Structures are given as C-alpha cells and as structure tokens.
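S.K.: Take a look at the following structure, please.
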C-alpha cells in the first residue's frame, strides 16, 4: 500500500466524521439525484419508504457485528459506532448481495438489516448516500434459517427445518417476499443444507436427511434435474469460484460442479474433511479448512486446503498456528487469508500454494469449545482486513498490502460475527432477470449451523 493511499484513507476518516460533501454536478441530459447533502429515494421496507439519505463525498462501507443483545453498525473508515440495534437470540450475519442490506438469521426466519449506506449510479459515476441503519420489519420465514449465499445478483436462502430453498432478487430484498422471490425448491428431506443459483438459472443444492448428508443435485432454470452426485459424505457449505465453478465440502474432499460436470476431488488423507470455504470471483482456487481426525471432539487444524476448480485437485498448506471457521477470507486480488490463533493474518498465494507472509494483528487466542461463542473474526473490503477481538473488545483495520494496522477502536460490546457492507451501484441496480413471482416448487419437502463444521 503506497504512502499516498494510506494518507488518502486518513483524509476519508476526517471527511466522513466531519460533514457530507457535495459531489460535482451531473450531466443535465440525465435525471439527476439531489446533490450536496440532499435526500435520495430509498427502497421501501414492508411497503413503507425507509429514511431518506444524505449524500456523502465517497463510498461509505459499514461494518455490522453481532453481540449478545443485538447488532452494532460501525463506519468502516473511522470505526466509530453508527447505530446500536437491539435484537434477541443468537444472530447470524450474511451480506444480501446488493451492497446495502444484510440477512440476519433470527428465530422464525431471515430478517433484513438496512445498513444505511448505498450507491446510486448516474452515467459514468455514482452518487453515495448514508442514513441511519435499521433492522427492518421484512423477514423471509424459515423454521431453522441456515446458509445464505449471494451470487450474480441473487441471494439464496436455505431453511434447515424444511429443506426449502428460496432464491431472491438481491436488488429487491428490502421489498419482502411478495416482490423479491424468484423461485423456490423443497428438497426431498430436511437437512442442514445449502444452495446456490448461478447466473444462467442453474440451481445447485445439497442432498441429505437429518441423519446424514450425501451429495448434491443440480436443477436447470425450469427446475428439471440435470445432474446428481452421491459421493460426498457429510456435504457442507458451497462457494462459487471464478468461472461459476461451485465447490461443496465433503468428509473426503470436495465436489466441484463446473461446465455442467460434477467431479469429486479427493483429500490427501482417507478422512480429510472440508466444511468451510472462502472463494473469490477473481480466482479459480477455493480456500477451505481441513480436518483429518475423525475422532476429535474439537480439532484445531494447522493446515488449510486449496481446491483448484480447473483440475479438481486439492493442495494443503501448513500454517504456524491453528484457526477456526471464522478465520477464512479472500483479498481483493484473490489472495487467501487465514486469521490464526497466533493473532496473525497468514497470507497465502493460492496459485503457488505457499504461505507468503504473516501480519501480526492481535494477541494469541484459543478457540472456545462451543462454536456459538465469540472468537476473533476477519472480514475484507477495499484492501483492508477488519479483525475483531472479543477478548480485548476491540476491532482493527489492517492494510493488507503494507501490513499496517491503520486504525483501531475499542468496542462497547463483545463482538461475535462480523461482515462488511460496501455500496455497489451495479449490484443494487441490476438484480436478476425474470418475474419475482414466477416461482418453481419441485419436489417434496444433524444440524450444523451455517459456517460451522463441528
């Protein structure tokens, strides 16, 4: 990271903290949103308009963290709190795919959080707005809300309690089920599963029961089954790599679905479980965890997996410390990142399959016995890795290029999950093609919570 860019970040802190700044005037030949601190129209929530926004000088990412008692939203540049939103229960967080909203797994479904930051495209540039974050009244019902996968303008929800898959138009998530649902599918049996819809309407969904999970099936845009694979014991998680290759974890490797074909990539060990993964749209290689002790109550692995979707081959990389399921992330250039229990971010070159360097950030820590308990977490945007530290009740912003901790802040809560919401004008405007009400419901109808593999 250059000195100039680091200085630019610090200028942004001052600008955002001080006041909104007027942007340059737009072409008079196009409809023009208000400029200079004016209000911008905002998507409706539950049939009611949300708060109007104030125009700001630049894109304004926000961090959302969960804690015992609710959610806290931070400005991603200053790390100052923007809102405290009370909520009950154990809360799971996932970006909704539109650069503004998050899906919060609560009792009874997936509730929509408006992070209060968004972009409005206007010709060759965009205008940026902020507003007070709000936990909206919009909820997508689910008996046991599980995995959420955002991809190609859509967001796919999986209900572990019923096996129901719901695909939403990401640009319409704030509208609610009556306006956002593109299709639905119910698996033959309820299980802790996951699904993802690709850009051409192909739906990849896990197969299983409450007792065991066995593989995946593939449906086309009309809901017709086109492929199936039953050789993936304990199937868990699914990520989409470059070229729309889908990787699902197994207890003996992974399944790779690409170009209409499904291939099983074998683990180097007889039992080599990959349950949590992190993909990048800029890389054909998927970062995954790797556990090789089938009898362990809580294995603390020190190797990670790299699955090359071009060859369906798995490479293992040794690390100087263990890690957990909230330790995996990808950089903007596709680099593989692992937050270790030694307090460092370990940067891996996925193509070379080698550990490049380690960036010290926090003190050493130990994985708690219960997966729901807080532990350090990493999230990445715009060349910065955000690391939360429940033990120190703090959060850090790390420049991945230079390794500099360029900002940090004490927190008023003990953080658990952490995500970044970054405005994306193209995602918010584009969405998925097709009628939101053109639903397809085909078929009838060991719990591992999203993101965890114990």
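The values are calculated or read from the model by the stated rules, or taken from the named source; none is laboratory data. Just so it is clear, the model here is predicted, and its values are computed rather than measured. With ideal geometry, Cβ positions are generated from the backbone for all residues, glycine too; neighbour counts draw on all protein chains shown.
S.K.: Scanning region 166-180 for residues that are in contact with a strand residue (DSSP E or B) (Cβ under 6 Å, 6 or more places away or on another chain) and not in a helix (DSSP H, G or I), which turns out farthest from residue 110 (Cα to Cα)?
M.R.: By that ranking, first place goes to 169.
S.K.: Take region 231-270 and flag every residue that is crowded, with 18+ Cβ neighbours inside 10 Å, more than 20 Å from the chain's Cα centre (by Cα) and farther than 17 Å from residue 315 by Cα.
M.R.: 232, 234, 257, 262
S.K.: Okay, moving on. (1) part of a strand (DSSP E or B); (2) buried (at least 18 other Cβ atoms within 10 Å of the Cβ); (3) in contact with a helix residue (DSSP H, G or I) (Cβ under 7 Å, 6 or more places away or on another chain): which one isn't true of residue 121, the others all being true?
M.R.: Here residue 121 meets the rest and fails (2).
S.K.: Is it true that residue 356 is surrounded by fewer than 21 Cβ atoms within 10 Å (Cβ to Cβ) and part of a loop (DSSP other than H, G, I, E, B)? Spell out how you get there, then give the answer.
M.R.: Values: surrounded by fewer than 21 Cβ atoms within 10 Å (Cβ to Cβ): yes; part of a loop (DSSP other than H, G, I, E, B): no.
It is false that residue 356 is surrounded by fewer than 21 Cβ atoms within 10 Å (Cβ to Cβ) and part of a loop (DSSP other than H, G, I, E, B).
S.K.: On the given criteria, is residue 154 surrounded by fewer than 23 Cβ atoms within 10 Å (Cβ to Cβ), within 21 Å of residue 141 (Cβ to Cβ) and in contact with a helix residue (DSSP H, G or I) (Cβ under 8 Å, 6 or more places away or on another chain)? Even if it seems obvious, please write down each step before you answer.
M.R.: Values: surrounded by fewer than 23 Cβ atoms within 10 Å (Cβ to Cβ): no; within 21 Å of residue 141 (Cβ to Cβ): yes; in contact with a helix residue (DSSP H, G or I) (Cβ under 8 Å, 6 or more places away or on another chain): yes.
No.
S.K.: Working only within region 277-286, note down all residues that are surrounded by 19 or more Cβ atoms within 10 Å (Cβ to Cβ) and either assigned to a strand (DSSP E or B) or under 13 Å from the mean Cα position of the chain (by Cα) (or both).
M.R.: 277, 278, 279, 280, 285, 286
S.K.: Oh, and also: Residue check, residue 140 against (1) touching a helix residue (DSSP H, G or I) at 6+ places or on another chain (Cβ under 9 Å); (2) modelled with pLDDT of 95 or more; (3) surrounded by fewer than 24 Cβ atoms within 10 Å (Cβ to Cβ); (4) farther than 24 Å from residue 181 by Cα, all met but one. Which one?
M.R.: (4)
Every residue, every condition in (1) in a strand (DSSP E or B); (2) within 16 Å of residue 279 (Cα to Cα), yes or no:
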position	(1), (2)
183	yes, no
188	no, no
193	no, no
199	no, no
205	yes, no
215	yes, no
227	yes, no
232	no, no
246	yes, yes
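S.K.: If you don't mind, another one. Of the conditions (1) closer than 21 Å to residue 348 by Cα; (2) modelled with pLDDT of 95 or more; (3) touching a helix residue (DSSP H, G or I) at 6+ places or on another chain (Cβ under 8 Å), residue 282 clears all except one; give me its number.
M.R.: The number of the failed condition is (2).
S.K.: If residue 426 satisfies all but one of (1) more than 18 Å from the chain's Cα centre (by Cα); (2) more than 24 Å from residue 288 (Cβ to Cβ); (3) not in a loop (DSSP other than H, G, I, E, B), what's the number of the condition it fails?
M.R.: It is condition (1) that residue 426 fails.
S.K.: If only one of 249, 253 is modelled with pLDDT of 95 or more and on the phi > 0 side of the Ramachandran plot, which one is it?
M.R.: Exactly one residue qualifies, and that residue is 253.
S.K.: All but one of (1) surrounded by fewer than 23 Cβ atoms within 10 Å (Cβ to Cβ); (2) closer than 25 Å to residue 177 by Cα; (3) touching a helix residue (DSSP H, G or I) at 6+ places or on another chain (Cβ under 7 Å) hold for residue 85, so report the exception by its number.
M.R.: Failing condition for residue 85: (3).
Yes/no per residue for (1) modelled with pLDDT of 95 or more; (2) assigned to a loop (DSSP other than H, G, I, E, B):
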residue	(1), (2)
269	yes, yes
275	yes, yes
315	yes, no
323	yes, yes
333	no, yes
341	yes, yes
346	yes, no
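S.K.: Evaluate the following for residue 305: is it within 24 Å of residue 266 (Cα to Cα), crowded, with 22+ Cβ neighbours inside 10 Å and in contact with a strand residue (DSSP E or B) (Cβ under 6 Å, 6 or more places away or on another chain)?
M.R.: Values: within 24 Å of residue 266 (Cα to Cα): yes; crowded, with 22+ Cβ neighbours inside 10 Å: yes; in contact with a strand residue (DSSP E or B) (Cβ under 6 Å, 6 or more places away or on another chain): yes.
Yes: the conditions hold for residue 305.
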